Amino acid sequence: MLMTAGIIGPAHGLRGEVIIDLRSDDPSLFAPGNLFTLEGPESTELTVRASRTHKDRLLVSFEELRNREDAEKLRGRPLLIEEHAEEDAWYPHELLGFRALSSTNEELGTVAGFRFGTAQDLLLVNTPRTEVMVPFVKALVPEVNMESRTVIIDPPPGLFDDNSVDARDQDRR
């Protein structure tokens, strides 16, 4: 199965180098010689010529992109690569249907999706009443168990229960 490793961003310079919006924690995906498939109407492949980090951004040049115009034509296109195992990482589609449990083993709902965010990614959990967006950070989602197909969520007050009152809120009344 193909996974999105990154999204082609704006061109950088005049020689076809592009900024990549990463969708993986594995920087070795962008090693020279690696092949990506471009998502879109025509199936195009790109070969990494070189990659480097500049101001906390990944810059990549591809053999097939010779100038800024070539690069700009591909802006916004996802770069696909074959799935591979990453330690302590999961693909969004693997979490679909997982049971969402509280740290006290209370049933919260079912994982229905995943949304990429700029500050953090969001785990979408369907409850009997609504869909809850849970920031997918270790403090709130401390455990993902692939064998039991569960995610443990330690939600702040009010995230899953609208009637919940935080002790700090009671002091303000």
Can you confirm whether segment 41-56 contains a residue that is of a type in the set (Asp, Glu) and on the phi > 0 side of the Ramachandran plot?
yes
Scan of segment 37-52 for residues that are surrounded by fewer than 15 Cβ atoms within 10 Å (Cβ to Cβ) and farther than 15 Å from Leu74 by Cα, ordered by number
Ala50, Arg52
Go through segment 104-139 and give me each residue that's among the basic types (Lys, Arg) and within 24 Å of Arg23 (Cα to Cα).
Arg115, Lys138
In segment 22-36, residue surrounded by the most Cβ atoms within 10 Å (Cβ to Cβ) [restricted to those that are at pLDDT 90 or above and in a strand (DSSP E or B)]:
Phe36
Of the criteria (1) touching a residue at least 40 places away in the same chain (Cβ under 8 Å); (2) touching a strand residue (DSSP E or B) at 6+ places or on another chain (Cβ under 8 Å); (3) exposed (fewer than 15 other Cβ atoms within 10 Å of the Cβ), which one Met146 fails:
(2)
Scanning segment 53-68 for residues that are surrounded by 12 or more Cβ atoms within 10 Å (Cβ to Cβ) and out of contact with any strand residue (DSSP E or B) (no Cβ under 9 Å at 6 or more places or on another chain) gives Arg66
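The values are calculated or read from the model by the stated rules, or taken from the named source; none is laboratory data. Computed from a predicted structure; not experimentally measured. Using ideal geometry, Cβ is built from the backbone for each residue, glycine included, and neighbour counts are taken over all protein chains shown.
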